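Q: If you scroll down you'll find the structure; I have some questions about it.
The values are calculated or read from the model by the stated rules, or taken from the named source; none is laboratory data. Note that this is a predicted model, so its numbers are computed, not measured. We place every Cβ from the backbone using ideal geometry, glycine too, and count neighbours over all the protein chains shown.
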Amino acid sequence: MKRILPQLFATIIAGIVVLLATVVTWAGPPFVTDDPEPVEYQHWEVYLGSQYVHDDEGISAIAPLLEVNYGPLPDTHLHIIVPFAYSSPKDGSRQYGLGDAEFGVKYRFIHETDTLPQIGTFPIVVSSTGSKSRGLGEGHVKVFMPIWLQKSWGPWTTYGGGGYWYNPGDDNRNYWQTGWLIQRKMSEMLTVGAEIFNSSPAAKGESDRTGFNIGTVINFSEEHHLLFSAGRDLHGPNNLTAYLAFQWTFGPEDKK
């Protein structure tokens, strides 16, 4: 029985990942909205996951997605995402390959107190490693400059903020992105949350976009976690979005 249960669990998780890959970039897994809290000093976060978007133009997905965060200094972490993208437009052929890699540095400059929230920034650069002609990338480098705030009380935590995207390219526009989330720790194993977010038009002829996600984090241990969210646009093209990832967290004490 001890051997069967881990194998069964692994099979179920693998099946869900494949489903999401075949059936928006998340900022603070498993949500679009991010927080100002960096990875602890000399600690790591590693995510292996997938994303799914079904909109008016077809289906796009990322599977697998590898995200790595590391804290080289107190209140600071380095960030990288390497995605493999899938595109299936209504009037085009299916494509799969390397997507646009993402790099960033999160820095918290105000710690939370009884009266003040913690505040930080998380500049992000999205590269042009994905092929635009195949629908796997945007064909140009984008830069995001945000400010994030967070406050907790008891089992409740709320965070949000936003920032400005530098978005070059033909017919593109620079745009604003904002979001806010509230979550509750139900137990040592389970946390649930919900967010709402908005972005101004990112290209000529587009309108602003407003959407929501509902998500959960399941803690199997201090090191192993499962993250999931799903939602859709209230105003915008996305009919369904989903995110699923396994997270592994560890630090120097885990090597002893």
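Q: Testing Glu253 on (1) under 17 Å from Val39 (Cα atoms); (2) within 16 Å of the chain's Cα centre (by Cα), one condition comes back false. Which one is that?
A: It is condition (2) that Glu253 fails.
Q: Please go through region 142-163 and pick out each residue that is closer than 17 Å to Tyr107 by Cα and among the hydroxyl-bearing types (Ser, Thr, Tyr).
A: Scanning region 142-163 gives a single hit, Tyr159.
Q: Just for region 96-121: of the residues that are charged (D, E, K, R) and modelled with pLDDT of 95 or more, which one is nearest to Gly135 (Cα to Cα)?
A: Filtering first and then ranking leaves Asp100.
Q: Look through Thr129, Thr157 and report the one residue that is under 18 Å from Gly179 (Cα atoms) and not small (Gly, Ala, Ser).
A: Answer to the selection: Thr157.
Q: Sticking with this one: Out of the residues in region 60-116 meeting the condition of being among the basic types (Lys, Arg) and over 16 Å from Glu45 (Cα atoms), tell me which one is surrounded by the most Cβ atoms within 10 Å (Cβ to Cβ).
A: Among them, the one singled out is Arg108.
Q: Looking only at region 230-256, which residues are over 30 Å from Leu73 (Cα atoms), among the small types (Gly, Ala, Ser) and out of contact with any helix residue (DSSP H, G or I) (no Cβ under 9 Å at 6 or more places or on another chain)?
A: If the condition is that a residue be over 30 Å from Leu73 (Cα atoms), among the small types (Gly, Ala, Ser) and out of contact with any helix residue (DSSP H, G or I) (no Cβ under 9 Å at 6 or more places or on another chain), then Ala230, Gly231, Gly236 are the ones that fit.
Q: Quick check on my filter: what residues within region 132-161 are of a type in the set (Ser, Thr, Tyr), over 20 Å from the mean Cα position of the chain (by Cα) and at pLDDT 95 or above?
A: Ser152
Q: Same structure, new question: What strands (runs of 3 or more DSSP E) completely inside region 43-125 contain at least 3 residues that are hydroxyl-bearing (Ser, Thr, Tyr) and closer than 24 Å to His225 by Cβ?
A: 44-55
Q: Follow-up. Have a look at Gly139, Gly130, Gly161 and point out the one that is surrounded by 18 or more Cβ atoms within 10 Å (Cβ to Cβ), small (Gly, Ala, Ser) and part of a loop (DSSP other than H, G, I, E, B). If you could, list the steps in order and put the result at the bottom.
A: Numbers: Gly139 fails: surrounded by 18 or more Cβ atoms within 10 Å (Cβ to Cβ); Gly161 fails: part of a loop (DSSP other than H, G, I, E, B).
It is Gly130.
Q: In addition: Does Asp55 fit the bill of being at pLDDT 95 or above and not hydroxyl-bearing (Ser, Thr, Tyr)?
A: Here the answer is no, as Asp55 does not meet what is asked.
Q: Any chance region 247-254 includes a residue that's in contact with an Asp or Glu (Cβ under 8 Å, 6 or more places away or on another chain), in a strand (DSSP E or B), under 23 Å from Glu138 (Cβ atoms) and not charged (D, E, K, R)?
A: So far as region 247-254 goes, no, none of its residues is in contact with an Asp or Glu (Cβ under 8 Å, 6 or more places away or on another chain), in a strand (DSSP E or B), under 23 Å from Glu138 (Cβ atoms) and not charged (D, E, K, R).
Every residue, every condition in (1) surrounded by fewer than 17 Cβ atoms within 10 Å (Cβ to Cβ); (2) of a type in the set (Asp, Glu); (3) within 30 Å of Asn167 (Cβ to Cβ), yes or no:
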| residue | (1), (2), (3) |
| --- | --- |
| Glu195 | no, yes, yes |
| Ser200 | yes, no, yes |
| Ala203 | yes, no, yes |
| Asn219 | no, no, no |
| His225 | no, no, no |
| Ser229 | no, no, yes |
| Asn239 | yes, no, yes |
| Thr249 | no, no, no |
